[in-house]
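> Submitted below is the structure of interest, expressed as structure tokens.
Values in this text are rule-based calculations from the coordinates and carry no lab data. Every value quoted in this text rests on a predicted model; they were computed, and no experiment measured them. Because the Cβ atoms are built from the backbone with ideal geometry, glycine has one as well, and the counts that use them run over all protein chains shown.
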Amino acid sequence: MRTERKNDSLAGLRLYALSQTEEIPVIHVDGAICAGFPSPADDYLETQIDLRAELIRNPDATFIVRVQGNSMSHDGIDDGDVLIVDRSVKPRNGAVAVCYLNNNFTVKRLEQQGARIRLLAANPAFPPIEIEENDELVIWGVVTYVIKKP
């Protein structure tokens with residue numbers, strides 16, 4: 001059974017593979033950042049950290065996707081955010097995953113109770129998606145990090 005789900009798919013989804021050779025160095029500041037009066041940060045500068053090494057455990061199985069829509073907004077995943085998705089992570093009950101359902105991509109929380117599978121939006125304006133016998137569902141990967149759009 002196929003049903004239309006308004007503003008809920010990532011029809012224009014673009015998957016971005018990660019380059020195997022590029023590093024993403026960022027200056028690492030050791031210590032806290034004050035929200036009151038500024039303090040001299042030069043005293044705390046340390047080495048650089050590589051965001052790729054920090055955020056990506058398995059580069060061969062990881063891709064990046066930009067979110068379109070607000071069905072996961074109550075879980076802190078908003079329109080325009082970037083997701084880091086690892087295909088090597090085993091999907092488990094409660095995980096947030098990028099799913100390919102009936103020729104459409106979507107990001108949802110997985111719920112499995114026995115043989116019953118549902119895809120849950122975090123925004124209450126979107127009803128749960130019940131996976132029916134004739135549905136085609138592929139779990140593309142598990143979301144491991146969310147990079148917030150400024």
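> When only residues in the range 94-123 that are touching a residue at least 24 places away in the same chain (Cβ under 8 Å) and out of contact with any Leu (no Cβ under 9 Å at 6 or more places or on another chain) count, which is farthest from Ile139 (Cα to Cα)?
Residue satisfying both the conditions and the ranking: Asn123.
> Follow-up. Restricting to the range 63-94, name every residue that is outside any helix (DSSP H, G or I), surrounded by 17 or more Cβ atoms within 10 Å (Cβ to Cβ) and within 11 Å of the chain's Cα centre (by Cα).
Phe63, Ile64, Val65, Arg66, Val67, Met72, Ile77, Asp81, Leu83, Ile84, Val85, Asp86
> I would also like to ask the following. Taking the criterion of being surrounded by fewer than 17 Cβ atoms within 10 Å (Cβ to Cβ) and in contact with a helix residue (DSSP H, G or I) (Cβ under 7 Å, 6 or more places away or on another chain), would at least one residue in the range 100-119 satisfy it?
Among the residues of the range 100-119, not one is surrounded by fewer than 17 Cβ atoms within 10 Å (Cβ to Cβ) and in contact with a helix residue (DSSP H, G or I) (Cβ under 7 Å, 6 or more places away or on another chain), which makes the answer no.
> Count, please, the residues in the range 93-110 that happen to be among the polar types (S, T, N, Q) and touching a strand residue (DSSP E or B) at 6+ places or on another chain (Cβ under 6 Å).
Residues flagged as among the polar types (S, T, N, Q) and touching a strand residue (DSSP E or B) at 6+ places or on another chain (Cβ under 6 Å) within the range 93-110 amount to 2.
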